[in-house]
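Coordinate-derived values only; no laboratory data. Everything numeric here is computed off the predicted structure, so don't read it as measured data. Note that each Cβ is placed from the backbone with ideal geometry, even for glycine, and that neighbours are counted across all protein chains shown.
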Amino acid sequence: MDTTSDVVVVGAGPTGLMLATELALAGLRCRLLERRADQPNVTRAFAVHARTLELLDARGIADELVPRGVPVRQVQPAPGALIDLRALDSRYPMILIAPQSGTETVLEERARALGVEIVRGAGVAALRQEADRVVVDLADGTAETAAYVVGCDGAHSTVRDLVGIDFEGRQYETHIMLADVRLTEPPEEAMFASTGAKGAVIVVPFGDGWFRAIAWDRLREQAPLHDPLPMDEMRDAFVRIAGTDFGMSEQRWSSRFLSERRQARRYRAGRVFLAGDAAHVHSPLGGQGMNTGIGDAMNLGWKLAAAVQGWAPPDLLDTYETERHAVGRQVLVLTDAFNRLVLGRSAVVRAIQPRILRLLLRFGPARRLLVGRLTGTGIAYPGGRGDHSWVGHRAPDVVCREGRLAELLRAGRFVLVDTTGRDVTLGGSPHVVTARADAVRGEPAVLLMRPDGYVAWASDDPAVAVAEVSAAVARWCGPVPAPVR
Ligand SMILES: Cc1cc2nc3c(=O)[nH]c(=O)nc-3n(C[C@H](O)[C@H](O)[C@H](O)COP(=O)(O)OP(=O)(O)OC[C@H]3O[C@@H](n4cnc5c(N)ncnc54)[C@H](O)[C@@H]3O)c2cc1C
């Protein structure tokens, strides 16, 4: 096949950067095309959730990101309603407050170190699909060819338009006010949130003396988006909604923003895929967008690599849409519920909103569901009939003789954890790292992890036959070579 690369990724936001690192880690030739010449992506996201940190840990990136941020261990969305993240069964029981630009810097450094070619000033203008490749035309008249193209080009995705995928949904009515400010009397909490009948405000520290202030103000919910946003307006919104402006003293940037709730009808059209904001956009309440985009990238990267390298089981590429469209839909439902609860038009809902939040968070199953959705630790993919109950779920960070499970995943391959003491990994596949661990009550005897940190297969039987393990590996990674004796 005559191509300039295996995969062209369009858009160097967090989703495109993460996907490009995944592809390069798997050994693919990847070009990352970015329309912006050099200016950084404006910092929109600041909340990096626990599951994203676990995924980044499985690539050795979390340790670089965590020191750049401020950990938040508790969130109080309304008086008496507390989300205590310290109870989370994760290496990262927190929301990490880190500016999106910093996350992108860390991802870009990793992408470059792995050999990704990042082409700036390269806006995609057209594309056409041929039998075995995609030709991408750039605005400057040059062209790129690849076996696959992934549109990570944001909410107004050109790629999505070019392949004719509908972006279904609607716009929210309430305008959001954003500003980066200095505070002379910052809140005690690392993340301050206050909601009520007059609107909602959030303040988070960037860790460098600047704070991001966000306000949904009922008085100004229809202010024209292009109207400048002076600091006095933000100050006034804070005083009315939260009772204080925390001593706002200086403003370096501000903007008004209108969020939408939309999802691409499909995530795949032939050799073209969509990921990140190109596939789904939602209310920023809950801080889900960038986290979901990074999750999309982790899910798609190894599957594309398997397809390009020729070892993908049939239909593996289609599982990207089945798995991630469902996650995207859940995120839309969650953020829409937050939006209705906090900013909805119903005066009744707004009045009883603190009580609803308190009740939800006191009731164990509801709290676990909410925290699982918010932090991403509850994300799971459906298993097949007769599969072990762990299939499709994340797994504990098992300590193996060769290292922690997350460390073993850093090769970007499957990991087979064997606790049987009998070496059931004989005749392993080149796509699988094998590890030995002590048996732990309640955990499977043998565990096969996908490269993206979800369980592919498991068995509770310490006497499981080697042939059964090999068959499971072969189902995911193609034929397993015969053992060398
Ligand atoms: C106020 C606010 C707060 C938010 N807070 C959070 C949060 O706390 N946590 C969270 O997870 N998410 C948050 N989000 C959402 C988050 O910012 C986005 O989900 C995230 O930026 C999406 O990343 P992406 O890489 O998919 O798209 P983008 O970041 O939009 O990147 C797309 C890239 O594609 C490039 N591009 C576009 N068209 C072309 C083309 N034709 N050719 C080449 N390149 C192109 C663009 O220049 C851009 O660099 C927030 C959003 C807002 C508005």
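Structure notes:
- Local electrostatic count at L343 - Lys and Arg +1, Asp and Glu -1, tallied over other residues with Cβ under 9 Å: +2
- For the chain, the longest principal axis of the Cα atoms and the long axis of helix 347-362 meet at an angle of about 40 degrees.
- Amide H contacts of A12 (H built 1.01 Å from N, under 5 Å, at least 5 apart or other chain): R35
- The residues neighbouring D227, those whose beta-carbon lies less than 15 Å from its own, together hold a net charge of -3 under the Lys/Arg +1, Asp/Glu -1 convention.
- Sum of -39500 (n - 2.57) over DSSP H runs of 4+, divided by residues of the chain (222 nm, nearest 500): -9500 deg cm²/dmol
- 3J(HN,Hα) couplings calculated from phi for the stretch 446-454 with the Karplus curve 6.51 cos²θ - 1.76 cosθ + 1.60 (θ = phi - 60°) are, in sequence order, 9, 9, 10, 9, 6, x, 8, x, 10 Hz; Gly and Pro show x.
- Taking the centroid of alpha carbons for each part, the stretch 387-427 and the stretch 263-285 are 31 Å apart.
- For the stretch 53-62, 3J(HN,Hα) per residue [Karplus equation, 6.51 cos²θ - 1.76 cosθ + 1.60, θ = phi - 60°, Hz, x = Gly/Pro]: 5, 5, 5, 5, 5, 6, 10, x, 9, 4
- Evaluating 6.51 cos²θ - 1.76 cosθ + 1.60 at θ = phi - 60° for every residue in the stretch 219-232, the Karplus couplings come out as 5, 10, 5, 10, 4, x, 4, 8, 5, x, 10, x, 4, 4 Hz, glycine and proline recorded as x.
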